[in-house]
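Encoded as structure tokens, the structure appears first; notes follow it.
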Amino acid sequence: MSALIINGYAIDDKLLQQAPIQRCRLSACRAACCADGVWVDWDQAQRILAHAALIQPFLPAERRDPQTWFAELHDDDPGFPSGRYTGTTTVPDLDDPLKTTCIFLRPEDRLCAIQVASVANGLPPWSLKPFYCCLYPLVDEHTDANGERLPYPRLTLDDENDLFARGGDCREACAVAQPIFQVYAEEVALALGVEGYRALCAHVGVAPRL
Ligand code: SF4
């Protein structure tokens, strides 16, 4: 584990590495990171369901039944805050029938209906959206490879998964290398707070973007 601790998070060295990349553009990536749906803490799924009436108008008519939004309950993963989790279901991708998307991905603009509904109802954009989605392609890991709880959650790049390798990597090549955490400054600030993000910039010696 990295020795660098900021605002209760251990910062993984992966985020400090330099890479010639910039953030993806929705017009090019078409929300590839939403292809498989997402695992969601059970309590967060219940919160989304409690706000179903806000979200339904922003989905195609055939996706508005909340009973179709989530898969089965799992109760065996201490990596989730409640220890229980479920997954969002998937539907055929209208862009490519050989692929799928999360049921909440709007086919007309490739935006997340949960986020669109939150903004349209005067709520912060991240208030209902699964935290994992808000943070991606970063991730906060609470347990190690053996399932043991870490002393500090680890903030790292979620690049060791099949979705990342299939284009859900939220990046484009560019000419200038920069620390990976700078590419995703907004996501870092979501986890650490803006002051935590700035403390990370000061540690590395780069000017903050936020
Ligand atoms: S909940 Fe929203 S952001 Fe997360 S995978 Fe589904 S559509 Fe994408």
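The values are calculated or read from the model by the stated rules, or taken from the named source; none is laboratory data. Computed from a predicted model, the values in this text were never measured in an experiment. So basically every Cβ, Gly included, is an ideal-geometry build from the backbone, and we count neighbours across all protein chains shown. Keep in mind that these areas ignore ligands, DNA and RNA; they rest on the heavy atoms of the full protein, side chains included. Shrake-Rupley method; radii C 1.70, N 1.55, O 1.52, S 1.80 Å.
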Given the conditions (1) within 13 Å of the ligand (Cβ to nearest atom); (2) open to solvent by less than 50 Å² (accessible area, probe 1.4 Å), every one holds for residue 80 apart from (1)
*Report yes if residue 162 is open to solvent by 30 Å² or more (accessible area, probe 1.4 Å) and either in contact with an Asp or Glu (Cβ under 7 Å, 6 or more places away or on another chain) or over 18 Å from residue 18 (Cβ atoms) (or both), otherwise no.*
yes
If you go through 113, 145, the only one that is within 27 Å of residue 70 (Cα to Cα) and open to solvent by 50 Å² or more (accessible area, probe 1.4 Å) is 145
Going through the stretch 116-142 in order, the residues found to be away from the ligand (no atom under 11 Å from the Cβ), free of Cβ contacts under 8 Å to residues at least 40 places away in the same chain and surrounded by 17 or more Cβ atoms within 10 Å (Cβ to Cβ) are 139
**Item:** Flag if residue 100 is modelled with pLDDT of 95 or more, open to solvent by 40 Å² or more (accessible area, probe 1.4 Å) and under 18 Å from the mean Cα position of the chain (by Cα)
**Value:** yes
Looking across the stretch 18-34 at residues that are small (Gly, Ala, Ser) and more than 8 Å from the ligand (Cβ to nearest atom), the single one that is nearest to residue 135 (Cα to Cα) is 32
Going through the stretch 2-53 in order, the residues found to be surrounded by 14 or more Cβ atoms within 10 Å (Cβ to Cβ) and part of a loop (DSSP other than H, G, I, E, B) are 2, 4, 7, 12, 24, 30, 31, 35, 36, 37, 38, 51
For the stretch 93-106 the number of residues that are in contact with a Leu (Cβ under 9 Å, 6 or more places away or on another chain) and either free of Cβ contacts under 8 Å to residues at least 40 places away in the same chain or within 11 Å of the ligand (Cβ to nearest atom) (or both) is 5
Scanning the stretch 167-179 residue by residue, those surrounded by 13 or more Cβ atoms within 10 Å (Cβ to Cβ) and more than 16 Å from the chain's Cα centre (by Cα) turn out to be 172, 174, 178, 179
